[in-house]
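Structure below; questions to follow.
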Amino acid sequence: MRANKPWEVVGFYPVVVPEVVSGYPRDCSGAMIERLRNRRQFLRIASANRKWVTAGIVLQAAPQPLDDRAVKNGTRYGVTVSKRVGNAVERNRARRRLRAIAEEILPHSASTGYDIVLIGRKETLRRNYLALGEDLKTGLEKLGALRK
């Protein structure tokens, strides 16, 4: 039954939410770490033919185009996991692990002005979290996207 009473009487109060400055973590230089969301962006990075394969992840990197730079030439990243990894629950778990490792390592280790794609593998689910971080750092170094 629907109550026709004011919210305060029913027991609902407006929630005061603190202002959020940004939904994106910042890297060391103060630039934003943005997420890649469009298929076009993922295809552009894949067409650059710069990838590094490790046991836990496949890493692709490409310089950002001049007309599509992130805020202050920050780093952008995207995560993708195919159906070969497993069912929906396993794919979502792999995505969450890759997002967590990317948001932890990329702000401090990745060069600005790069777009990076992390592709999950079956081993992403079983691989140690620290080993995944080392895979990401090794891939950044091999692709020339590691901050010096």
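Roughly what would the spin-label model give for ALA48 and LYS142, points 7 Å off Cα along C-beta, in nm?
A separation of 1.6 nm, rounded to one decimal place.
Set the Förster distance to 30 Å, then compute FRET efficiency between ARG37 and ARG126 from the Cβ-Cβ distance, nearest 0.05.
Numbers: r = 28 Å, r/R0 = 0.93.
The calculated FRET efficiency here is 0.60.
Coordinate-derived values only; no laboratory data. Note that the structure is predicted; figures quoted are calculated from it, not measured. When we count neighbours, we look across all protein chains shown, and the Cβ atoms used for this are built from the backbone with ideal geometry, even at glycine.
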